[in-house]
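Trainee: Could you have a look at this structure, given as structure tokens, before my questions?
The values are calculated or read from the model by the stated rules, or taken from the named source; none is laboratory data. Since the model is a prediction, treat every value here as computed from it, not as a measurement. Here the Cβ positions follow ideal geometry from the backbone for every residue, glycine too, while neighbour counts run over all protein chains shown. Just the protein is used for accessible areas: all its heavy atoms, side chains included, with ligands, DNA and RNA removed. Shrake-Rupley method; radii C 1.70, N 1.55, O 1.52, S 1.80 Å.
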Amino acid sequence: MAQKAIREAHGKKLLSRLLKEYNGGNYVVEEHIISVGPETDFDALTKDHPWLASTRVVVKPDHLIKRRGKNDLLLLDASWDEARQWLSERMNNEITVSNVTGILDYFIVEPFIPHDEDDEFYVAITSVREGDNILFWHQGGVDVGDVNENSEKMLVPIGSFPSAGEIEKNLLEQVPAEHKGLVAGFIETLFRIYADCHFTYLEINPLIVVDDKIYILDLAAMLDSTAEFICRGKWGDIEFPSPFGRILTEEEAYIEELDSKTGSSLKLTILNPKGRVWTMVAGGGASVIYADTITDLGYMDEMANYGEYSGDPNEEFTFKYAKTILDCMTREKDPRGKFLLIGGAIANFTDVASTFKGIIRALKEYQQKLIEHKVKIFVRRGGPNYKEGLRQMKELGQSLGVPIEVYGPEAHMTGIVKLALKESN
Amino acid sequence: MKTAAKKPDYILFDRNTRAFIYNMQTNAVQRMLDFDYASQRETPSVGAIINPTGSDGLVKFFFGPREVLLPVYKSLKTAAEKCPDVDVMINFASFRSAAEATLEAFALPQIKTVAIIAEGIPERKVKELIAKAKELDKVMIGPATIGGIAAGAFKIGNTGGTLENILDSKLHRPGSVGCVSNSGGLSNETYNIISRNTDGLYEGIAIGGDSYPGTTLVEHLLRFEKNPAIKMLVSLGEVGGNDEYEIVEALREKRITKPLVIWVTGTCSKAFKTEMQFGHAGAKAHGETETADAKNKALKDAGAFVPDSFDDYDSLINKVYTDLVKEGVITPAPEPQIPNVPVDYKTALQSNMIRKPTNFICTISDDRGEECLYGSKTISQVVQEGLGIGGTISLLWFKRLMPQYASDFIEMCLVITADHGPAVSGAHNCIVASRAGKDLISSLVSGLLTIGPRFGGAIDGAAQMFSEAYDAGISPAQFISGMKKKGINIQGIGHLIKSTHNPDMRVSLLKEFALNNFKETPILNYALEVEKITTTKRDNLILNVDGCIGICFADLLRNEMSKEEADEYISMGALNALFVMGRSIGLIGHHLDQKRLKQGLYRHPWDDISFLSE
């Protein structure tokens, strides 16, 4: 969906490939870029990239993590043997960066480029409603500071492309005269690639100029994933990794897999497996509001999961989705009991009765466990055929042995949150 | 034809607004017309449907109890020429082509507003559309939205859901509230809240969940501000983006003065450890100011009515409304009569309101579910369990899965009857038809039509004759003499070339299989006794292949079902069907053969016909 970050190695490979094609190839950059993942065979790598044997290299994790230098996640000016050692010590390690813990398993390896701090520039292109902003600052690198505050900016209205001359005039005043032409031409070309490839964000920091050649040292980029149908060829091999530290639990992975098999949408995030308030909410918008309300009423710590089902999933998918949640919530007992909110707004076209069928089947299957875990269920929903759906839920409440309170559009959508939380005290 | 009447620029839709529907969205059109009728509009709000992949024509829709015709045009340009009063386009094109269709609509001077439904249009394309809309002074709603509604006047596509919901939420007549939200999925909920806590909605717009919606929350709020019929504003924003800060600015600068109740959703994002992308493309906070908490606070500080949580959204709306009534700003209007809109047949059926006797019955297959069923088996089960053609015939013809031996026997019969050379009447006819330039089906049917009492019919005839004789309990000798007396040839006995000394291998195979694998073979045994007698008369009066298939099959059916049922299948033509089925393979082969060989028209030579006069 829309703006998605890509790995640094993929971004750099894409740029180095296209820079050769654009503007007569006058602004080529380093093309020796290696992506190392958990399955990489180092011996094969050495064979496929003979330059490694004779080149000093830089190694960094490739996980969309910022400030790698400050977190001791940067190897500079090393031989390939040293780099291999460094990599094998860190591959698959669990690390914590800015309170987020995750597994390190992707790295980028590139030639090390000796240079002076004065050669470091900052350039970024960001998307805004009216077009795109190009940001430039002549003092790049780790200590670039607040670029929104410092940098030179240039708004490029949508549909237009700045010339090298305009870029030089607007952005490069403080760049040494001997580099101006090269940097301006590079940014002109970079912007064309940015636009043609539907980037939504591109940051190079630092960009350096050594011996009249441009080097991209650090790169962060996002692509508009919805443009895939236009850009597939230009993008080449691209993936959209999850943010660092987002390791899926078994159940989350299972729901993600289910989701990929249907045109409907099924989402699940486990927030706190010991939480007592569980939700099974229809619709993307409504699911956020249910989670909001639990948070706003002061029960963030009790909120066990976030998720949604929408786009009219069939009975089998709703059944499997419901079962997964019921299974998670009946693992650890809590003497105070637990609450399940089967919520939703007034649907546009989803047949409420038929989506409830799958949920009812799952509730029946988990009847015994739900009783043992002292679960209480609250239902609120509206939309096509909702009366029939609510009737079936009420009927189930009489036979299941688990209390079920059922409400329709006459009740405020989040009314059941308050009811559940009141009882949880 | 008149053009659309000039409206104040704060009004996008009124009771005379008419729209083009881009793409064949007949359900959406019908829903719009139902709404129109319930709102007592005089004319349908759809001027024409644009079907870029079809051709010009007319489609039928209901307008209340009666049917009306709406024109369909292949090109938007033609539609515009024919319907100069249309000034809205509802664009249902897919994410791939929605941008082009929108530009096409922008290029038409008469179009003022375009609503784009598709989700997943590349952001860059959307930004180009936004710039173009600004340049040409057009209003763009969406993308990624359900649209919007002017209560009692005009609704965009599927907004408001079912007619039941439209009436429940009183969207068939205007109230005093202007509402704008990001989410289309929550619009019904919001309109429900408004209808329960105020005198109802005047206009509601869902701007869509993209990062760059064509029009923003504040643009619609400013439009509502100018509209004297709107007395209070309701809005629902969401985490991500800076749109709500423009509202803050407008409030501070007093460009918005009507009371505004607003809530920004996504306050739960602090409960997530990593950055959370909620359902909408734009629903992701980039930095602290884009969080829901920050936006809610800023709005409250600027003077908007912001509840403490969504849970108080309804009561706050109610309070603001009640105050406006007390102040005399709003005087609720009396409810209009709602014309009775007949319920759709499908809806009525779904909610058990009606029943209808059916005209057809089917008991062999069912394609309504996830996968088509042959009897009780899904097609994939038929494949995975290796049931083959025999099993498929068993399920679809005899409505049961017969044991493996039966399947094998059926397949054996099909193989044996598949072809018998080009000279037999079926193949001959097929070849002649094929050479006359006819297509596959004509040639096949031409061959099949020769199947009857003299060609291929012996299978049926033999099965009937022998089972009747066996059931009647007459001895083989009596049977033979009885037939002779009546002057009837015994079906299934006799062969032109084959004899006891030169047996037919096909018959031997069938016979052996039946004797070794069937539970019992009484009719076959009986026939073999008959054959013993006939071959003593002449050695070519053997049980032939047609007879053997028919007789064995009669035994097989009696093995697997009651005698009555088996006899019924035979009398309905099940055995003939087996021959038709098998021989179709050969006939198709002959047709393809002739076509491949490019054989010309066949004309029978004169010298092969005796021209005589009687």
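Trainee: Just check chain A against the gyration tensor rule for me: Cα atoms, a ≥ b ≥ c as the square roots of the eigenvalues, rounded for a/c under 1.5, and otherwise prolate or oblate depending on whether a/b exceeds b/c.
Mentor: Since a/c reaches 1.5 and a/b is larger than b/c, the shape of chain A is classed as prolate.
Trainee: Going by alpha carbons, how many degrees (0 to 90, nearest 10) lie between the helix axis of A:284-296 and the longest principal axis of chain A?
Mentor: The angle comes out near 80 degrees.
Trainee: Give me the 1.4 Å probe accessible area per residue for region B:146-335, excluding ligands and nucleic acids, in Å².
Mentor: 32
Trainee: Continuing with the same structure: Which of the GluC sites (Glu not before Pro) found in region A:320-425 are loop residues per DSSP with 15 or fewer other Cβ atoms within 10 Å of their Cβ?
Mentor: Filter output for region A:320-425: A:Glu332, A:Glu410.
Trainee: In deg cm²/dmol, rounded to 500, what helix-only [θ] at 222 nm does the protein assembly as shown give when every DSSP H run of at least 4 residues adds -39500 (n - 2.57) and the total is split over its residues? Don't skip to the end; give the middle numbers.
Mentor: Values: 37 runs with 422 residues, N = 1039.
So the calculated ellipticity at 222 nm is -12500 deg cm²/dmol.
Trainee: Among the listed pairs A:Lys234/A:Lys323; B:Lys511/B:Lys537; B:Lys346/B:Lys377; A:Lys267/A:Lys387; A:Lys4/B:Lys138, which are separated by more than 32 Å between their Cα atoms?
Mentor: The pairs that break the limit, which is 32 Å between Cα atoms, are A:Lys234/A:Lys323.
Trainee: Hull surface divided by four, with the convex hull built on the Cα atoms of region B:1-144: how many nm²?
Mentor: 8.4
Trainee: Give me the Å³ per residue figure for the convex hull around the C-alpha atoms of region A:31-112.
Mentor: 88
Trainee: Sticking with this structure for a sec: Quick one: accessible area per residue over region B:491-614, 1.4 Å probe, rounded to a whole number of Å²?
Mentor: With the other protein chains kept in place, region B:491-614 gives 56 Å² per residue.
Trainee: Oh, and also: Can you give the FRET efficiency to the nearest 0.05 for A:Phe240 and B:His604, using r as the Cβ-Cβ distance and R₀ = 45 Å?
Mentor: About 0.05, to the nearest 0.05.
Trainee: Sticking with the crude label model, points 7 Å out along Cα→Cβ, report the distance from B:Lys2 to A:Asp72 in nm, one decimal please.
Mentor: The answer from the label model is 8.1 nm.
Trainee: Using a 1.4 Å probe on the protein heavy atoms, what percent of the accessible area of region A:208-346 belongs to carbon and sulfur?
Mentor: 47
Trainee: Quick one: plug the Kirkwood hydrodynamic radius of region B:146-335 (C-alpha pairs) into Stokes-Einstein at 37 °C, 0.692 mPa s, and report D in µm²/s.
Mentor: Values: Rh = 16.6 Å.
Estimated via Stokes-Einstein, D reaches 198 µm²/s.
Trainee: Would you mind getting the accessible area per residue of region B:46-120, heavy atoms of the protein chains only, 1.4 Å probe, in Å²?
Mentor: Accessible surface, normalised per residue, equals 42 Å².
Trainee: Chymotrypsin sites (Phe, Trp or Tyr not before Pro) within region B:466-540: which are DSSP loop residues with at most 13 other Cβ atoms inside 10 Å?
Mentor: none
Trainee: With the Cα gyration tensor of region B:402-614 in hand, convert its eigenvalues to equivalent ellipsoid semi-axes via √(5λ) and list them largest first in whole Å.
Mentor: Semi-axes, largest first: 33, 22, 15 Å.
Trainee: Kirkwood hydrodynamic radius, computed over distinct alpha-carbon pairs, for region B:185-245: how many Å, to one decimal?
Mentor: 12.7
Trainee: With a 1.4 Å probe, how much accessible area is buried between chains B and A, both sides summed, in Å² to the nearest hundred?
Mentor: Working: alone 31270 and 20600 Å², together 47070 Å².
Buried surface at the B/A interface: approximately 4800 Å².
Trainee: Along its principal axes, what span do the Cα atoms of region A:315-425 show, with the longest given first and each in whole Å?
Mentor: Computed over the Cα atoms, the extents are 39, 31, 22 Å.
Trainee: With 10 Å bins from zero, work out the P(r) of the protein assembly as shown over every alpha carbon pair and list the percent per bin.
Mentor: Computed distribution, short to long bins: 2, 9, 14, 16, 15, 13, 12, 9, 6, 3, 1, 0, 0.
Trainee: Here's something else I'd like to know. How about region A:111-173: which GluC sites (Glu not before Pro) there lie in a loop by DSSP and see at most 11 other Cβ atoms within 10 Å? The partial results should precede the final answer.
Mentor: Numbers: sites: A:Glu117, A:Glu120, A:Glu130, A:Glu149, A:Glu152, A:Glu166, A:Glu168, A:Glu173; in loops: A:Glu130, A:Glu173.
Within region A:111-173, the qualifying GluC sites (Glu not before Pro) (loop, at most 11 other Cβ atoms within 10 Å) are A:Glu173.
Trainee: Could you work out the equivalent-ellipsoid semi-axes for region B:73-134, taking the square root of 5 times each eigenvalue of the Cα gyration tensor, largest first, in whole Å?
Mentor: Output for region B:73-134: semi-axes of 21, 13, 9 Å.
Trainee: Along the charge dipole of chain B, Cβ charges K/R +1 and D/E -1, which of B:Ile609, B:Val341, B:Pro8 sits furthest on the positive end?
Mentor: The residue sitting most towards the positive pole is B:Ile609.
Trainee: Give the residues of region A:223-256 whose amide nitrogen is closer than 12 Å to a point set 7 Å from the Cα of A:Ser98 in the direction of its Cβ.
Mentor: Once the point is set 7 Å along Cα→Cβ of A:Ser98, A:244 turn out to lie under 12 Å by backbone N, inside region A:223-256.
Trainee: Given the convex hull over the Cα atoms of chain B, what projected area results after averaging over all orientations, in nm²?
Mentor: Answer in nm², one decimal: 44.4.
Trainee: So if we plug the beta-carbon distance of B:Glu529 and B:Ser365 into 1/(1 + (r/R0)^6) with R0 = 51 Å, what FRET efficiency do we get, rounded to 0.05?
Mentor: 0.80
Trainee: Between region A:130-145 and region A:177-195, how far is it from one alpha carbon centroid to the other, in angstrom?
Mentor: So the two Cα centres are separated by 14 Å.
Trainee: Considering the Cα positions of region A:2-42, please state its Rg to one decimal place and its Dmax as a whole number of Å.
Mentor: My reading of the Cα-based Rg and Dmax gives 12.8, 37 Å.
Trainee: Now, a different point. Taking a label point 7 Å from the Cα of A:Asp196 along the Cα→Cβ vector, which residues of region A:10-32 have an amide N closer than 15 Å to it?
Mentor: Residues A:14-29 qualify, since their backbone N sits under 15 Å from the label point.
Trainee: Still on this structure, I have one more. For region A:410-425, state which residues have at least 50 Å² less accessible area in the presence of all protein chains than in their chain by itself, taking the probe as 1.4 Å and leaving out ligands, DNA and RNA.
Mentor: Hits at the 50 Å² cut-off: A:His412.
Trainee: Let me ask something additional. Working from Cα positions, state the angle (0 to 90°, nearest 10) between the long axis of helix A:415-424 and the longest principal axis of chain A.
Mentor: 80
Trainee: State the percentage of accessible surface on region B:1-144 attributable to carbon and sulfur atoms; use a 1.4 Å probe and exclude ligands, DNA and RNA.
Mentor: Details: 3320 of 6360 Å².
Of the solvent-accessible surface of region B:1-144, carbon and sulfur hold 52 percent.
Trainee: Take every DSSP beta bridge whose two residues both sit in chain B, then give the antiparallel share in percent to the nearest 5.
Mentor: 35
Trainee: On a 0 to 90° scale, report how tilted helix B:217-226 is relative to the longest principal axis of chain B, with both axes built from alpha carbons and the result rounded to the nearest 10.
Mentor: Result, in degrees: 60.
Trainee: Could you please state, rounded to a whole Å, how far the C-alpha centre of region A:52-122 is from the C-alpha centre of region B:401-422?
Mentor: 70
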